[in-house]
Amino acid sequence: MKTALHITSSARGAQSYSRRLSAAIIQKLTDRKEIGIVVERDLAQSPPPFLDENLIGEFYKYPDQVSDEGKQLLSYANAIFDEIDQADIIVISTPTHNLGVSAQLKAWLDQLVRVGLTYQFTEDGSRAGCFQNKKVYLAIASGGKQAFWPEGYEFIESYIKAVFSAYTGMTDVSTFRVEGTAMGKPEINYEEILQNL
Ligand SMILES: Cc1cc2nc3c(=O)[nH]c(=O)nc-3n(C[C@H](O)[C@H](O)[C@H](O)COP(=O)(O)O)c2cc1C
């Protein structure tokens with residue numbers, strides 16, 4: 001039975017549309033028996049620490065150079081690395097905040113990506129990501145609608161795909177959107193949004 005990691009990042013708790021969308025993805029995969037175990041990582045309830053000088057220093061050390069204090073500083077980064085490592089399917093939800101991902105999700109990405117760990121440089125100078133054969137589902141909520149923005153104003157799906165592909169090896173990303181959440185009181189049909197899942 002496959003394991004899913006469910007990462008949520010909206011600060012709006014039960015009011016959150018992105019949380020409801022990613023929960024609907026988890027539910028559908030569970031109903032289809034594609035996943036049997038779901039590990040929850042709520043980035044709003046337990047926000048990732050921001051990077052600071054000391055932690056960045058630890059990121060660039062070889063494992064045998066890391067002191068006990070360094071291990072403490074790396075404990076969050078190591079925990080979220082292990083969660084991805086142990087998952088087959090990763091479901092991530094985010095609100096749109098100023099055209100980008102939530103600050104919590106950005107902080108999580110900054111803790112996840114590590115040279116020498118999530119990716120290595122190969123002999124020809126290209127990068128090789130360490131997480132192979134993972135499936136990623138992205139659930140994005142926005143107050144407006146993508147179609148109303150000029151072309152080129154999509155920064156969330158493209159950003160996540162670029163970071164994952166360049167620095168983690170995760171290339172199989174499917175995106176679902178709940179849009180127009182700030183336009184009146186929309187009735188959202190999650191089943192319809194997920195019809196192609
Ligand atoms: C600080 C902030 C910035 C926002 N920026 C945008 C934006 O750039 N584009 C947009 O369409 N909606 C924007 N919104 C609206 C949210 O994307 C919308 O409320 C969405 O439903 C949030 O996801 P959630 O329901 O999962 O919390 C913003 C909301 C907040 C609070």
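The values are calculated or read from the model by the stated rules, or taken from the named source; none is laboratory data. This is a predicted model, so every value here is computed, not measured. Cβ placement follows ideal geometry from the backbone for every residue including glycine, while neighbour counts extend to all protein chains displayed. The protein model used for the area step is the full one, side chains on, heavy atoms only, and it has no ligands, DNA or RNA in it. Shrake-Rupley method; radii C 1.70, N 1.55, O 1.52, S 1.80 Å.
Mind listing just one residue for me: the one in segment 1-14 that is loosely packed, with under 13 Cβ neighbours inside 10 Å and of a type in the set (A, V, I, L, M) and, of those, farthest from residue 135 (Cα to Cα)?
Looking at residues that are loosely packed, with under 13 Cβ neighbours inside 10 Å and of a type in the set (A, V, I, L, M), I get 14.
Among 24, 87, which is the only one that is closer than 25 Å to residue 167 by Cα and aliphatic (A, V, I, L, M)?
None of the others qualify; the one that does is 87.
Within segment 143-157, how many residues are charged (D, E, K, R), open to solvent by 70 Å² or more (accessible area, probe 1.4 Å) and more than 9 Å from the ligand (Cβ to nearest atom)? Talk me through it step by step, then tell me what you get.
Going residue by residue through segment 143-157, those that are charged (D, E, K, R) are 145, 151, 154, 157.
Going one step further and asking which of them are open to solvent by 70 Å² or more (accessible area, probe 1.4 Å), we end up with 145, 151.
Imposing the further condition that a residue be more than 9 Å from the ligand (Cβ to nearest atom) reduces the set to 151.
Number of matching residues: 1.
Hey, can you tell me all the residues within segment 1-58 that are within 13 Å of residue 102 (Cα to Cα), out of contact with any Leu (no Cβ under 7 Å at 6 or more places or on another chain) and hydrophobic (A, V, I, L, M, F, W, C)?
Residues satisfying the conditions are 11, 44.
For segment 15-35, give me the residue count where each residue is open to solvent by 50 Å² or more (accessible area, probe 1.4 Å) and not in a helix (DSSP H, G or I). Steps first, please.
Narrowing segment 15-35 to residues open to solvent by 50 Å² or more (accessible area, probe 1.4 Å): 15, 20, 27-28, 30-34.
Subset that is not in a helix (DSSP H, G or I): 32-34.
Qualifying residue count, segment 15-35: 3.
If we keep just the residues of segment 158-187 that are among the β-branched types (Val, Ile, Thr) and within 14 Å of the ligand (Cβ to nearest atom), which is farthest from residue 6 (Cα to Cα)? It would help to see each step written out before you state the result.
Of the residues in segment 158-187, the ones among the β-branched types (Val, Ile, Thr) are 160, 163, 168, 171, 173, 175, 178, 181.
Checking the rest, the ones that are also within 14 Å of the ligand (Cβ to nearest atom) come to 178, 181.
Values: 178: 17, 181: 22 Å.
Only one residue tops the list, namely 181.
Scan segment 86-107 and report the pairs whose first residue is charged (D, E, K, R) and whose second residue is open to solvent by less than 60 Å² (accessible area, probe 1.4 Å) and within 13 Å of the ligand (Cβ to nearest atom), with Cβ atoms within less than 8 Å and a gap of 6+ or a chain change.
106/100
Among 22, 18, which is the only one that is closer than 16 Å to residue 136 by Cα and in contact with a Pro (Cβ under 6 Å, 6 or more places away or on another chain)?
Numbers: 22 fails: in contact with a Pro (Cβ under 6 Å, 6 or more places away or on another chain).
None of the other options fit; the residue is 18.
How many residues does segment 47-101 hold that are within 16 Å of the ligand (Cβ to nearest atom) and of a type outside the set (S, T, N, Q)? Lay out the reasoning, then the answer.
Taking segment 47-101 as the starting set, the residues that turn out to be within 16 Å of the ligand (Cβ to nearest atom) are 47, 91-101.
Subsequent filtering for residues that are of a type outside the set (S, T, N, Q) retains 47, 91-92, 95, 97, 99-101.
Number satisfying all stated conditions: 8.
Can you tell me how many residues in segment 1-36 are away from the ligand (no atom under 12 Å from the Cβ) and under 28 Å from residue 72 (Cβ atoms)?
Start the filter on segment 1-36 by keeping residues that are away from the ligand (no atom under 12 Å from the Cβ), which leaves 1-7, 24-36.
So of that shortlist, the ones also under 28 Å from residue 72 (Cβ atoms) come out as 3, 5-7.
The total comes to 4.
Restricting to segment 141-183, name every residue that is out of contact with any helix residue (DSSP H, G or I) (no Cβ under 8 Å at 6 or more places or on another chain), aliphatic (A, V, I, L, M) and farther than 18 Å from residue 102 by Cβ.
Residues satisfying the conditions are 147, 166, 183.
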